[in-house]
Ligand code: ARG
Ligand code: ZN
C-alpha cells in the first residue's frame, strides 16, 4: 500500500515538474520576425542540434518554419533558450529513437522479389545484393555499370534499363537517388522505380513507351559512404564522408559540389557546414563520377532527375541563380501537370517551380550543372512529406511517397518523349 502511494506520488510529480523528455526530439519553430530569425539561426548553429529544414542556418528568415533535431541531453537547454527569447515551438516528433528503430527493422527478412521488400528501407550492403539480383534475374533488360567509387571506395553502380525493342536512335534518361545520406525515401524510390519498370514493362503503356524509346540509367545510392553512416552511426548525416582540409569536420555536400556558380551565395566554403561546397567543383569522387558519366553520354541523355526529400516539391533550374532558364515556361508546364496528377490521384499537394524562387539559392547542384551541359529537361524532386515525419518517414508511408514520385517521373518523361 505504502509502495503504491509513493509510486502514485512519483508519477504525479513527474507530470508536474518541468522534466524534459528523455528522447531525442524534433521541434518545429515558426519564425516571424527578423530578430527571431537571428536567434533561431544561432540556436540551430549549436553543434549538438541538427537542422532538418531549411538545409542551413543562413536560409532562416522571417516567415521560415524551422525544423530542428535536438538530442535529449540538449533539450532543456534549447527549450529554455527558445522560451527566453519568446520563440514558440511545438514538438514535431517526441521519440525519434522509436521511429529510427522502426525504419531499420527486418532489413533483409523477406525475398527481394516480394512486394513488401519495397516497403522497407534497406542497408547499403543489402542494396548491393539487390542490384546483383536484378541483373541476374532480368539479363535481357538490366545491365550493371560501374561508374566510379566513393571516397571510402564503395562502388557506384548504375542500372541501365532497356526495353526489348531495338530502335535506331535511342535516347536516354538519368535518375539518381541518395545524394543526401539521411533522405532514405530517395534510395527507396530508385528501388521502387526499377522494380516497377521490370514488372510493368509491356503492361503499363507509359513505362513501356519510356523503356522502348529510352535507356534509363538509375543510380540508386549516389552517396554510399554517407548512407552507410546513417545506418551505423548518425541517422541525421547529410554530406558524404570525405576528409580534406579540416580533419575535425568531415564531409562535403555533394549537391553543392557541381560546377554551377560553384560556392557562391547558398553554399559554404567552411568544411564544418552542412552545405560545404568542397575544395573545388567535382572535388568529390561521387560528384566527379556522375559528371563524367553524363559528359560522356550528353548527346543521348535528354532527361535528368535527382531525387531528394523532404518537402513535396517538383523543382527545375536554376537553383544557382535567380535568372530564369530559356525554357522556363515549358518546364513549369511539365511539373504543373505532374503536380495536378498527384493531386488528383493521391490528394496531395506538391509545390513546383524554379528552385531558387521555390526554396532558396543553392549553387553547385547537380540539376543546374546537367542543365548547363545541355540536358534541358532537368529536375529535382523533393518527396514526402512536409515535416510530419521529415527524414524519418515510416515504412508504411513508402508506397504512397514512391507512387507519387513515379507518377511525376512518368508524366514528365512521356510529355518530353512526345514533344522531342
Ligand atoms: N534541398 C536540396 C538541397 O538543399 C535541393 C535544393 C534545390 N537545389 C537544387 N539544386 N535543385 O540541396
Ligand atoms: Zn537533399
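Some notes on this structure:
- Net length gained if the chain between residue 132 and residue 77 were fully extended (0.36 nm per residue, minus Cα distance): 15.0 nm
- Peptides 110-116, 325-331, 375-381 ordered by packing proxy, namely the average of other Cβ atoms within 10 Å per residue, highest first: 375-381, 325-331, 110-116.
- Relative contact order of the chain, pairs being alpha-carbon contacts under 8 Å that are 6 or more residues apart, as %: 15 percent
- Over the stretch 258-355, relative contact order from alpha-carbon pairs under 8 Å, at least 6 apart, %: 23 percent
- A simple packing score, the average count of other Cβ atoms within 10 Å per residue, orders the peptides 74-87, 178-191 as 178-191, 74-87, with the highest score first.
- The angle between the Cα long axis of helix 185-200 and the main principal axis of the chain comes to about 40°, on a 0 to 90 degree scale.
- Distance between the stretch 325-339 and the stretch 260-285 - C-alpha centres, whole angstrom: 28 Å
- The distance separating the Cα centre of the stretch 154-204 from that of the stretch 31-109 comes to 34 Å.
- Every helix of 4 or more DSSP H residues in the chain counts as -39500 (n - 2.57), and over all residues that averages to -12000 deg cm²/dmol at 222 nm.
- Our note on the geometry: Cα centres of the stretch 365-381 and the stretch 291-312, 6 Å apart.
- Angle between the chain longest axis and helix 328-346 axis [Cα atoms, degrees, rounded to 10]: 70 degrees
- Cβ-based exposure ranking for 402, 249, in which fewest neighbours within 10 Å come first: 249, 402
- Ranked packing of 285-292, 25-32, 139-146, most packed first, by mean Cβ within 10 Å: 285-292, 25-32, 139-146
- Counting neighbouring Cβ atoms within 10 Å and putting the fewest first, the residues 200, 293 line up as 200, 293.
- Exposure proxy ranking, count of Cβ atoms within 10 Å, fewest first, for 158, 332: 332, 158
Coordinate-derived values only; no laboratory data. Here the structure is a predicted model, which means the values were calculated and not measured. As a convention, Cβ positions derive from the backbone with ideal geometry for all residues, glycine included, and neighbour counts pool all protein chains shown.
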